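Each remark here refers to the structure printed beneath this line.
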Amino acid sequence: MSVWHITGGRRLSGTVEVQGAKNAVLPIMAASVLTPGVTRLENVPELSDVDITMRILRGLGCAVEREGDAVTIDSRELSRSEIPHELMRELRSSVVFLGALLARCGHARLSMPGGCELGPRPIDLHLMALRALGAEIDERAGELICSTPGGLHGAAIALPLASVGATENAMLCACLAEGETLIMNAAREPEIGELEGFLKKLGAEVSGAGSATVRVRGGALAGGFAGHRIMPDRIVSATYLAACAAAGGDIELRGAQPRHFSTVLRSLSECGCDIIAGDTSVRLVSDGNLRAPRPVITGPYPGFPTDAQPLLLAACLKAKGTSVFVENVFQNRFRFTEELQRLGARIHTEGRVAVVTGVDALHGAPAVATDLRGGAALVIAALSAEGETEILDSGHIRRGYARLDEVLRALGADAAYTEAKGA
Ligand code: EPZ
């Protein structure tokens, strides 16, 4: 078990270069197997989720090398289309390989990705979309055994809900499905637009990302070489801003895209923070004395991002008044609030609603990171608590944050991270 030691009470100041987006790089790494060729990605964050994806690619027969923040993937020797159970368990979002492997190889075998700390994580919409494109998928003994006996063909896919992963899986598979595919009620997250941009570099005919309908005209892809710089991570950006809002201070994010998290900026402004946003930077100034924002209601993009809900909730623990959070995307995304209460927070949860009553002070205490963003929420609370907080973390935070301890120390925080042996 890794451990974070954070002693709160210090203001944060300085600049942060925002890391590449985890939720953009994972589907793009999967897309690299669509066609034999070499892909060079830049601004790839050093995250355990990325490490696992590199292991998956090597297991498929690809050559993968990292040099600093660049990762090169050579998929010309791809020779397998199975992802082993242990890697699927470690990274449930690797289900996004399914569409790409079916398109490239005509078959694929993965174990069912498990649920996670956020509740059940069904993939019925992924399977519905891939079946519409011609895939035959046998769900047997916890495995997905997939083939395309009649080949892949374009389809009109209407998603009952705007699932990010299902949209990505359908886009990847449709690239090599003969004819036109329409993905309706598609997810509109910025990461979908990033994926479209990369697919176009492979020679795919994709349009409409960011709108409710994505259109793909399938056909052979050029292959060869594709270079791409990963967009900045909007949730990591929100994390640092929420930390500064809670602890007080003056920080600037560089290499950010504020328009991708404008809903979060609006809530932080309602809390009383001063925010100066440019095209690729955003500065936040806070005296640490916040007031409750208007109710935060999460939803598919362009709504308030569910991944930022724990972050803003943690920043509001001492905000004057009552802060209300409604979680509409995941069933069980308030488990982390039990850990925040160990630091003296006053939070009442009822189903999809959490009500935070601002307290005068938080006090450091031992706590456990329950999931990736719940762990980040604990870090934010610890930065604004009196005394030391020790956070036990089984690796959740490293999944999404590169060198978080170093960044926080550079901003003036008293934060140390001890990785467990063999983590
Ligand atoms: C992506 O997960 C992100 N992960 C999540 O970020 C993010 O919270 C989520 O999108 C929503 O924005 C990656 O991109 C790797 P969904 P995904 O499919 O694709 C239900 C983080 O912290 N659903 O949009 O799994 C599902 O249960 C992570 O970085 C079905 O019912 O999200 C959920 O309630 C956490 N059937 C809702 O849709 C399906 O087939 C949204 O899920 C698929 C999803």
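No lab work stands behind these numbers, since they all come straight from the coordinates. Not measured: the values here are computed from a predicted model. Backbone-built Cβ (ideal geometry, glycine too); neighbour counts: all protein chains shown.
Against the longest principal axis of the chain, how steep is helix 234-247, in degrees 0 to 90 to the nearest 10, with axes from Cα atoms?
Roughly 10 degrees, rounded to the nearest 10.
What ranking, highest mean first, results for peptides 228-236, 390-398 when packing means the other Cβ atoms within 10 Å averaged over each residue?
Highest-to-lowest ranking by the protection proxy: 228-236, 390-398.
Counting pairs of alpha carbon atoms under 8 Å apart in space and at least six apart in sequence, what relative contact order in percent does the range 22-229 give?
Reported relative contact order: 21 percent.
Quick check: from the Cα gyration tensor, does the range 132-190 come out rounded (a/c under 1.5), prolate or oblate?
Since a/c reaches 1.5 but b/c is at least a/b, the shape of the range 132-190 is classed as oblate.
Quick one: compute the contact order of the chain, relative version, from alpha carbon pairs under 8 angstrom and 6+ residues apart, as a percent.
21
For the chain, modelled as a GNM with alpha-carbon contacts under 10 angstrom, which of TYR240, TYR301, TYR401 fluctuates the most?
Among TYR240, TYR301, TYR401, the largest mean-square fluctuation in the Gaussian network model of the chain belongs to TYR301.
Mind ranking 269-282, 307-320, 46-59, 14-27 by how tightly packed they are, going by the mean number of other C-beta atoms within 10 angstrom, highest first?
Final packing ranking: 307-320, 14-27, 46-59, 269-282.
Of ALA63, HIS396, VAL164, which is farthest on the positive side of the dipole of the chain, counting Cα position, with +1 on Lys and Arg Cβ, -1 on Asp and Glu Cβ, and the Cα centre as origin?
VAL164
Which of rounded, prolate, oblate describes the chain, given a ≥ b ≥ c as roots of the alpha-carbon gyration tensor eigenvalues and a/c under 1.5 marking rounded, otherwise prolate only if a/b is larger than b/c?
The shape class here is prolate.
Just want to confirm a number: the relative contact order over the range 3-62, from Cα pairs under 8 angstrom separated by 6+ residues, in percent.
38
In debye, nearest 20: dipole of the chain around its Cα centre with unit charges on the Cβ of K, R (+) and D, E (-)?
480
Go through the range 74-87 residue by residue and turn each phi into a ³J(HN,Hα) via Karplus (6.51, -1.76, 1.60, θ = phi - 60°); whole Hz please, and just put x for glycine and proline.
With the stated coefficients, the range 74-87 comes to 10, 9, 5, 9, 3, 9, 10, 9, 10, 10, x, 3, 5, 6 Hz.
Quick one: putting +1 on the C-beta of Lys and Arg, -1 on the C-beta of Asp and Glu, what dipole do you get for the range 332-423 around its Cα centre, in Debye to the nearest 20?
Details: 11 positive and 13 negative charges, 87 e Å.
Taking the Cα centre of the range 332-423 as origin, the dipole is about 420 debye.
Choose one answer from MET29, MET171, MET88: the residue with the largest mean-square fluctuation in a GNM of the chain with alpha-carbon springs under 10 Å.
Of the options given, MET88 has the highest mean-square fluctuation.
Beta carbons within 10 angstrom, averaged per residue: use that to sort the peptides 143-154, 361-372, highest first.
Going by the mean number of other Cβ atoms within 10 Å, highest first, we get 361-372, 143-154.
May I ask you to evaluate 6.51 cos²θ - 1.76 cosθ + 1.60, the Karplus curve with θ = phi - 60°, for each residue of the range 222-227 and list the ³J(HN,Hα) values in order in whole Hz, giving x for glycine and proline?
My calculation for the range 222-227 gives 4, x, x, 10, 9, x Hz in order.
Grab the DSSP H runs of the chain that are 4 residues or longer, score each as -39,500 (n - 2.57), total them, divide by all residues and round the 222 nm result to the nearest 500 deg cm²/dmol. Don't jump to the answer; show the numbers that get you there.
Details: 13 runs with 124 residues, N = 423.
It comes out at -8500 deg cm²/dmol, rounded to the nearest 500.
Dipole of the range 22-229, Cα-centred, from +1 at each Lys and Arg C-beta and -1 at each Asp and Glu C-beta, to the nearest 20 debye?
It works out to roughly 300 debye.
Could you give the distance between the Cα centres of the range 129-146 and the range 371-412, to the whole Å?
39
Would you kindly work out the equivalent ellipsoid of the range 22-229 from its C-alpha gyration tensor and give its semi-axes, the square roots of five times the eigenvalues, largest first in whole Å?
22, 20, 17
Using θ = phi - 60° and the Karplus relation 6.51 cos²θ - 1.76 cosθ + 1.60, list the HN-Hα couplings for the range 249-254 in order, rounded to whole Hz, with x at every Gly or Pro.
These are the phi-based 3J(HN,Hα) values: x, 8, 10, 10, 9, 10 Hz.
Could you tell me which of rounded, prolate or oblate describes the range 230-364, using a ≥ b ≥ c as the square roots of the eigenvalues of the alpha-carbon gyration tensor, with rounded for a/c under 1.5 and, failing that, prolate when a/b is larger than b/c and oblate otherwise? If you can, show how the numbers build up before the last one.
Details: a/c = 1.92, a/b = 1.28, b/c = 1.51.
Oblate is the answer for the range 230-364, as a/c is 1.5 or above yet b/c matches or exceeds a/b.
Put a dot 7 Å past each Cα toward the Cβ at GLU406 and GLU67; how far apart are the dots in nm?
Calculated label separation equals 1.9 nm.
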